[in-house]
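This report refers to the structure that appears directly beneath it.
The values are calculated or read from the model by the stated rules, or taken from the named source; none is laboratory data. Just so you know, these numbers come straight off a predicted model, no measurement behind them. Don't worry about glycine lacking a Cβ; one is built from the backbone with ideal geometry, like all the others, and counts go over all protein chains shown.
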Amino acid sequence: MIKTSRLNIVEAEEADIDTIIQIESHKDNRDFLWIGTYDEHKSEIKDPNHRLLVFRTKDNKKTVGYALIRLDFKSEIFELRRIAITEKGIGYGKEAMLSLFAYAFNDLKVNRFWLDVYPDNSIGIKLYESLGMHCDGVLRQNYKAERGYLDQIIYSLLKSEYPL
């Protein structure tokens, strides 16, 4: 589906769900994203308004991350609902984000790419800001988690802001 210099980003299959749940549940990821159930992920794979993608290295085909996208075709909106990388600090996150921007704006022809992030996800925030995403605002205490009520910061990028 999407190729980068080091990754093949492909639509997930049911056989990938256990790996996706392991990535979500990992101690470095679990505080920053919703952990889906097997049935929820299976439903996302079948839903034409969602894309559940896995990131595999080109050299050894190892799964090093995943993303969940929700598409609003009527309003031309690409929502990055979840993204997680297993091997941090070597640029897979940036590589995946840049390829998702290209996929959203060039292939799907969306107008707006957006995501939300918890304020304590400093690595994610640093990445999104380094990629030129705009901070739209904060949804205060918008999500109740085991950690308490969490704010969600909204970041977006518009087609007119995306380098062509």
*From the residues in segment 45-75 that are in contact with a Leu (Cβ under 8 Å, 6 or more places away or on another chain) and among the basic types (Lys, Arg), which one is surrounded by the most Cβ atoms within 10 Å (Cβ to Cβ)?*
Arg51
*Can Ala104 be described as in contact (Cβ under 8 Å) with a residue 60 or more places away in the chain and closer than 24 Å to Asn49 by Cβ?*
no
_Any residue at all in segment 143-160 that's within 27 Å of Ile21 (Cα to Cα), modelled with pLDDT of 95 or more and among the basic types (Lys, Arg)?_
no
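Give the residues of segment 5-44 that are of a type in the set (Val, Ile, Thr), under 18 Å from Leu100 (Cβ atoms) and surrounded by fewer than 17 Cβ atoms within 10 Å (Cβ to Cβ), sorted by residue number. So that I can check it myself, show each step before the final result.
First, the residues of segment 5-44 that are of a type in the set (Val, Ile, Thr): 9-10, 17, 19-21, 23, 35, 37.
If we keep only those that are under 18 Å from Leu100 (Cβ atoms) as well, we get 9-10, 20, 23.
Answer for segment 5-44, where residues must be of a type in the set (Val, Ile, Thr), under 18 Å from Leu100 (Cβ atoms) and surrounded by fewer than 17 Cβ atoms within 10 Å (Cβ to Cβ): just Val10.
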*Here is a list of conditions, (1) of a type in the set (A, V, I, L, M); (2) more than 20 Å from Ile9 (Cβ to Cβ); (3) surrounded by 12 or more Cβ atoms within 10 Å (Cβ to Cβ), and Leu157 meets all of them except one; can you say which number that is?*
(2)
*Answer yes if at least one residue in segment 88-96 is over 11 Å from the mean Cα position of the chain (by Cα) and over 18 Å from Lys126 (Cβ atoms), and no otherwise.*
no
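Could you count how many residues in segment 110-125 are free of Cβ contacts under 8 Å to residues at least 60 places away in the same chain, part of a helix (DSSP H, G or I) and not hydrophobic (A, V, I, L, M, F, W, C)? Spell out how you get there, then give the answer.
Initially, segment 110-125 is screened for residues free of Cβ contacts under 8 Å to residues at least 60 places away in the same chain, giving 110-116, 119, 122-123, 125.
In the following step, the residues that additionally are part of a helix (DSSP H, G or I) were identified as 122-123, 125.
Going one step further and asking which of them are not hydrophobic (A, V, I, L, M, F, W, C), we end up with 122.
Going through segment 110-125 one residue at a time, the tally reaches 1.
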*Please specify each residue of segment 142-164 satisfying the condition of being in contact (Cβ under 8 Å) with a residue 40 or more places away in the chain, under 25 Å from Leu100 (Cα atoms) and not aliphatic (A, V, I, L, M).*
Tyr155, Ser156, Lys159, Tyr162
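Any chance you could count how many residues in segment 54-73 are in contact with an Asp or Glu (Cβ under 6 Å, 6 or more places away or on another chain) and closer than 21 Å to His26 by Cα?
The first filter runs over segment 54-73 and keeps only residues in contact with an Asp or Glu (Cβ under 6 Å, 6 or more places away or on another chain), leaving 54, 64, 70.
Still in the list and also closer than 21 Å to His26 by Cα: 54, 64.
Residues flagged as in contact with an Asp or Glu (Cβ under 6 Å, 6 or more places away or on another chain) and closer than 21 Å to His26 by Cα within segment 54-73 amount to 2.
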